[in-house]
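Student: Attaching a single structure in structure tokens format; questions to follow.
No lab work stands behind these numbers, since they all come straight from the coordinates. Source: prediction; values computed, not measured. Cβ coordinates were reconstructed from backbone atoms using ideal geometry, including for glycine residues, and neighbour counts include every protein chain displayed.
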Amino acid sequence: MTTEDILDFPAKPAPTPDDRSGDLSQPLDRLSPDETLKKESDYLRGTIAEGLLDPLTGGLGARDQKLTKFHGLYQQDDRDLREERRRQKLEPAYQFMVRVRLPGGVCQPDQWLMLDRLADDHGNGTLRLTTRQTFQFHGVLKRGLKPLQRGLNQVMLDSIAACGDDTRGVMCAINPALSHIHSEIYGLAKAASNHMTWKSGAYHEIWLDGELKERSGKEEPFYGPTYMPRKFKIGFAVPPSNDIDVYTQDLGYIAIVEDGELMGFNVSIGGGMGRTDNDHRTYPRLGDVICYIPKADMLTMSEVVASIQREYGNRADRSQARFKYTVDKQGLDWMRAEMERRMGRKLEDPRPYEFTSNGDTYGWAEGDNGNWHFTLFIEDGRVADHEGYHLKSGLRAIAEAHQGTMRVTPNQNLIIADIPPAEKDRIAALLDEYGITASIEKSVLRRNAMACVAFPTCGLAMAESERYMPTLITKLEAILAENGLSDVPIVTRMSGCNNGCSRPYVAEIGFSGRAPGKYNLYLGGGHHGQRLARMYLENVAEPEILEALSGMIRHFAAERTEGEHFGDFVIRAGYVTAVESGWDFNRPNTPRTNAGNPRSPS
Amino acid sequence: MTNHDIGRLLTQPLSPDQEELLRQLVGSLSPEQALWVSGFLSGVARQSGMSLSPAAPAAPGGGALTVLYASESGNAAAIARSLAAAAESRGKAVTISDLADYSIRSLKKETTVLFVTSTHGDGDPPDTAATFFEDLRSKRAPKLEGLSYAVLALGDTSYEFFCEAGKILDQRLEELGAKRLHDRVDCDVDFEGDAEAWSEAVLATVAASPQAAPAQVGGGMMAAAAPQAAYGKSNPYSAEVLENIRITGRGSSKIVNHVELSTEDSGLTYQPGDALGIIPRNDPALVEDVLTALAPATTETADGTPLTQALEDSYEISLVTPSFLEFWAERSGSEALAALTAPDARAERFQYLAQHHVLDLLRTHPVSGLTADEFTGALRKLQPRLYSIASSPAAFPDEVHLTVGLLSYDLHGTSRQGIASGHVCGRLEVDERLPVYVQQNDNFRLPAADVPAIMISAGTGIAPFRGFLFERQEQGAPGRNWLFFGDRKARTDFLYQTEWQAFMKDELLTRMDVAFSRDQEEKVYIQQRLREASKELYAWLREGAHLYVCGSADRLAVAVDEALLEIIAKEGGMSPDKAAQELKVLQKQKRYQKDVY
């Protein structure tokens, strides 16, 4: 990298709020083919119902595959078997990932029991907790889809809008200690989800054999026939915990609590992780906190922001369609003015708040209403039974006994929540009996690590993630132990591709897969998700990764200041330059020349 | 004709000495002998390459002969064809016909008929000849006093009703007054030697027993001048294995392999519907077990072949034949085994044979000190196995493809495998060579290009339809195609799935119906799909569609028959009896063809 190259990196383009060449104002034929597909899908019906009946394939047609995302399911195939089956003249081992809509990650015990059973009956026997606080079933065969949906319906769950160009599952802070705030915010998150979810009768007709709805022009009063330009994510954070990574949401609400009462929210707009390797026009972006609203305005604000994206989002180029690009293209001033125009009043400036971490706190915690919560660590969110660690069976036993709720955390962990004091011992005994209590005794590093699903099911994966991360963590644990840093929390995240489902671009140590065994290494993300990381190594294998990190960790041990986070240290020590904004993310790193030659600890 | 006439005709080409010899001979001949000589000389002329048109019927006055066959796997047909060719080469006018196409009433017009018939299942004649045999046994069968005949019966001694169809045929013809020219010979699976000896003997007898006039024949077709395949059962072609891959997916309860063999430079030709005979090799591990149990006194056969190799390459070492049982009963001195060989212990014997392999006998009734030759002498020669060809020569020139399902089962606590399927699915490597030959099967042929085809299969029975469809694609045949396929699980057992999908997309396949028995609580089989499509299926038949069934004889074929009868009765608004007649007519018209095993 020469100085010239660095200087060649283009400056951030100025906003062009009047350019409407790629948005909904244009005729369909000037937009991406996906827009036509949505428009012609008859409000997400397509030929899904017919495709489900085709016995010659375990998959669906290409167009229906896109539409089923709106219904919360992705057609995937077992990629371990793809080549083998091609030679066997068998189609890929098609299977579906079904993602439940579970606002705020809160689940009742009877719902848990149903999910547990459905995973056995129709999935691969495991449940996957996700980074957006919900459940995924993997390995569901086409013929299992309807029975699975009917099972969800029996316990008042669905998978509407869990994927697709729509408003996705709404996240909500876990905050076990502040029970009454959680309960109120959870209610709002659920209301936001219900309010923003698409309304077409397609879901009930296709999956639940529901009555055909009376068709009127108003099947989608908010979205219309082309829905959103791309996915749109909403989340609620409660400081001081930024567990939901509020800055990565398209629309983030930061709770402002005064005197123990929820007053309203600071509004963050334009966050998002996805990017494309080697395309500098794409980048992860952290949201900008643009205003404060009283809590009563939350639903209106949600509609206002989503409607701006609906109308101004880029529908010609899907790589530029996320709201974060709309915000950069329109500019923050324009955005705020437009939000005020649509709200019909001036907006208040953001109120002060402070985040300190984005991780989970494990073990027992007492809520302010006297109930107990137990947060357990679930490595990479996979609920399965293992030798000596019968997580899935244990959680089933707990769900059978438990009177409170179960909450999926944004770090893919689980809280057994709202345990009345009288029941605490019973639940504790069950946790012990199934070998679950010990899970929270994993290393600090492991408990702060997160990986996406990737191989073998995810169609986007370029490298392993969930199946590899535990091994890598073991190796990093050893390096930290050698340097006496085992107790320092470092947020480490891995995604199998550049889309960033595990939010690696805000991690202190982040990885995104490039090819089997090869990753980009990102460093310098903010410990509580407040700063993007910068790419330090590109497309490298484990030996190079370990070599680089062990040097830095040794250096960190030697020169760490009191309470300093690793993500801050690598910037101070000059390994990476801090990322200022989304656009700046792609600027090549300019390490200081003395970095990387740490003095040995004395 | 006078001596003088003959002399005049032949004067020119013969030397005076030859002319004199001939004159003497002709003068001594009875009219019948004269006829025979004329045929004989014609044959001599042909064999010495003088004939200008080898395919032409024999010289006038040569006497006529009809060869009729009923074939299940094609062996009987092949014998019949070579028998006809041999007779022709001896100057006979020969008509050859499949009993499927032959009416029993035509027998009244025949003078000499040679029958070759196989037996299948529980002593039944081949399916194609079912009507003929029914007529033969019925009261309406014609008197056949003017007929001379001989029967060659093919069978398998490991079945209870060995050569039953041939026996019935032989006996019934006699009852109807026909004259047996030569004793029936019952051949076991290694039929070549017996069949050849019988053919020779019968043709000699025919030659010596003159006929008054050439036979009038109806219904049959003339022996085709089919080029004699250079390779056959006794001299197979060593085909290189190009591909041998398991095509059932992981998690399947079955192992099915797709095999591609090279026929390049072999001159081997086939048509879709034909079968490929493969000469398998025994599992070396089994050979070792047998040798350990046997502890033979010598380790080489008389010709110096190591016994290990002989057992691997040349003998059936799984199946116990009745003669091996007798041999073993005698050598072991076992009274229990001896009791099984008693003539009245037939049922017990066959039950025992069905449940024991050679190895079981060796282990439970040890015999010490047997020589290699004593042991091999008691064994049956290793027989080729036939597989329906899964390719089309037009689509895959110089290749022949097979779909081989591994036969695997437990017997006395150990896992046993089919000899050929175990070889192909377990040990046959790419680049190795496998001895093969083509077994013609004229009873399983595509219809004319514009005729619709309904193909019904289960499991590896899909194989010939792959050949059919690739062939029709190459032909650009406009006839519609409807394929039925059943197996256990769609995800792992949908054989050739991506090819059918491509054929559907190209609209070569008009329709495909599948049944996967283990994909839902209630087992669903392909016959249910037939019933569900009753109306359309009947409509296709009305439009002249040909029906094909390939798969297991006892499970698939019977169930499909039942379903078809129901469909015809229901959609045609007719009685079950009438429907059965209709189905028979379809069979007679060769519009309903089966390749079942």
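Student: Can you give the FRET efficiency to the nearest 0.05 for B:Ala295 and A:Arg45, using r as the Cβ-Cβ distance and R₀ = 56 Å?
Tutor: Efficiency, rounded to the nearest 0.05: 0.15.
Student: Run the lone-cysteine check on the protein assembly as shown: no other Cys C-beta under 4.7 Å from the residue's C-beta.
Tutor: A:Cys107, A:Cys163, A:Cys172, A:Cys291, A:Cys458, A:Cys497, B:Cys163, B:Cys187, B:Cys425, B:Cys550
Student: Test of understanding: what is the full-extension gain from A:Asn194 to A:Arg345, defined as 0.36 nm times their sequence separation minus their Cα-Cα distance?
Tutor: Taking A:Asn194 through A:Arg345 to full extension adds about 51.8 nm, to one decimal.
Student: Write down the radius of gyration of region B:70-116 and its Dmax, each obtained from C-alpha positions, in Å.
Tutor: Considering region B:70-116 through its Cα atoms, Rg and Dmax are 11.1, 29 Å.
Student: Give the cross-link partners of B:Lys590 among the aspartates and glutamates, using a straight C-alpha distance below 13 Å as the criterion and excluding same-chain residues fewer than 8 apart.
Tutor: B:Asp98, B:Asp101, B:Asp127, B:Asp442, B:Glu582
Student: Something else about it: Across the residues of A:89-95, average count of Cβ atoms on other protein chains within 10 Å?
Tutor: Shielding by partners across A:89-95 averages 6.
Student: Let me check against my output: what whole-number percent is the relative contact order of region B:547-594, with C-alpha pairs under 8 Å and at least 6 apart?
Tutor: 46 percent
Student: What is the total of Lys pairs in region A:12-131 with C-alpha atoms under 24 Å apart, excluding same-chain pairs fewer than 8 positions apart?
Tutor: Taking the Cα cut-off of 24 Å, the pair count is 4.
Student: Rg to Rh for region B:284-405: what is it, with Cα atoms only and Rh by Kirkwood?
Tutor: Checking Rg against Rh, the ratio lands at 1.11.
Student: How large is Rg over Rh for region B:493-569, taking Rg from the Cα atoms and Rh as the Kirkwood inverse mean of 1/r across Cα pairs?
Tutor: 0.97
Student: Can you give me the orientation-averaged projected area of the convex hull built on the Cα atoms of region A:238-335, in nm²?
Tutor: 6.8 nm²
Student: Taking only the C-alpha atoms, wrap a convex hull around region A:324-367 and report its volume per residue in Å³ as a whole number.
Tutor: Taking only Cα atoms, region A:324-367 has a hull volume of 167 Å³ per residue.
Student: Now for a separate question. Averaged over all directions, how much area does the convex hull of the C-alpha atoms of region A:389-497 cover when projected, in nm²?
Tutor: Averaging across all directions leaves 8.3 nm² for the Cα convex hull.
Student: Set the bar at 28 Å for Cα to Cα. Now go through A:Lys199/A:Lys231; B:Lys109/B:Lys233; A:Lys146/A:Lys295; B:Lys254/B:Lys578; A:Lys233/A:Lys346; B:Lys109/B:Lys167 and name every pair that lies beyond it.
Tutor: Flagged as over cut-off: B:Lys109/B:Lys233; A:Lys146/A:Lys295; B:Lys254/B:Lys578.
Student: Looking at region A:23-115, what % of the alpha carbon pairs are farther apart than 16 Å?
Tutor: 68 percent
Student: How high is the FRET efficiency between A:Arg20 and B:Ala502 when r is their beta carbon distance and R₀ equals 41 Å, given to the nearest 0.05?
Tutor: 0.40
Student: So if I place +1 on the C-beta of Lys and Arg and -1 on the C-beta of Asp and Glu, and nothing else carries charge, what would the dipole magnitude of region A:490-586 be about its Cα centre? I want it in debye, nearest 20.
Tutor: Here the size comes out at about 240 debye.
Student: So between A:Asp279 and A:Met156, what do we pick up on full extension, going 0.36 nm a residue minus the alpha carbon distance?
Tutor: Between A:Asp279 and A:Met156, full extension yields 40.1 nm more.
Student: A follow-up question, please. Please give the peptides B:517-525, B:108-116, B:394-402 ranked by average Cβ packing (other Cβ atoms within 10 Å per residue), highest first, as a rough proxy for protection.
Tutor: Descending mean neighbour count gives B:108-116, B:394-402, B:517-525.
Student: Could you compute the net charge surrounding B:Val94? Neighbours are other residues with a C-beta less than 11 Å from the C-beta of B:Val94; K and R count +1, D and E count -1.
Tutor: +2
Student: What net charge is computed for the residues neighbouring B:Gln383, neighbours being all others with C-beta under 11 Å from the C-beta of B:Gln383, Lys and Arg scored +1, Asp and Glu -1?
Tutor: Charge balance near B:Gln383 sits at -1.
Student: For the pair A:Glu261 and A:Gln530, how long in nm is the line joining their label points, each one 7 Å along Cα→Cβ?
Tutor: 2.8 nm
Student: Below 8 Å, C-alpha to C-alpha, sequence gap of six or more: please give me the relative contact order for chain A in percent.
Tutor: 13 percent
Student: Moving to a separate point now. So what is the orientation-averaged projected area of chain A, using the convex hull of its C-alpha atoms, in nm²?
Tutor: With every direction weighted equally, the projected area is 28.0 nm².
Student: If I histogram all Cα-Cα distances within region B:396-550 using bins 5 Å wide from 0, what percent of pairs lands in each bin?
Tutor: 2, 8, 15, 18, 19, 15, 11, 7, 3, 1, 0
Student: Continuing with this model, one more query. Find the Rg to Rh ratio for chain B, where Rh is the Kirkwood radius over alpha-carbon pairs and Rg uses the same atoms.
Tutor: 1.00
Student: Just how many % of Cα pairs in the protein assembly as shown lie over 48 Å apart, if you round to the nearest whole percent?
Tutor: Of the Cα pairs, 50 percent sit more than 48 Å apart.
Student: Right, here's the next one. Compute the FRET efficiency between A:Ala62 and B:Ser534 as 1/(1 + (r/R0)^6), taking r as their Cβ-Cβ distance and R0 = 35 Å, and round to the nearest 0.05.
Tutor: Once rounded, the FRET efficiency stands at 0.55.
Student: Can you give the Kirkwood hydrodynamic radius for region A:231-282, in Å, rounded to one decimal and based on Cα pairs?
Tutor: Kirkwood hydrodynamic radius for region A:231-282: 12.1 Å.
Student: Tell me, rounded to the nearest percent, the portion of alpha carbon pairs in region B:282-340 spaced more than 15 Å apart.
Tutor: Percentage above 15 Å: 57.
Student: Going 7 Å from the Cα of B:Ala449 in the Cα-to-Cβ direction, what parts of region B:471-490 have a backbone nitrogen less than 17 Å from that spot?
Tutor: B:471-481
Student: Here's a follow-up. Counting DSSP beta bridges in the protein assembly as shown, what percent are antiparallel, to the nearest 5?
Tutor: Percent antiparallel among DSSP bridges in the protein assembly as shown is about 60.
Student: Given chain B, what percent of its DSSP beta bridges are antiparallel, to the nearest 5?
Tutor: Close to 45 percent.
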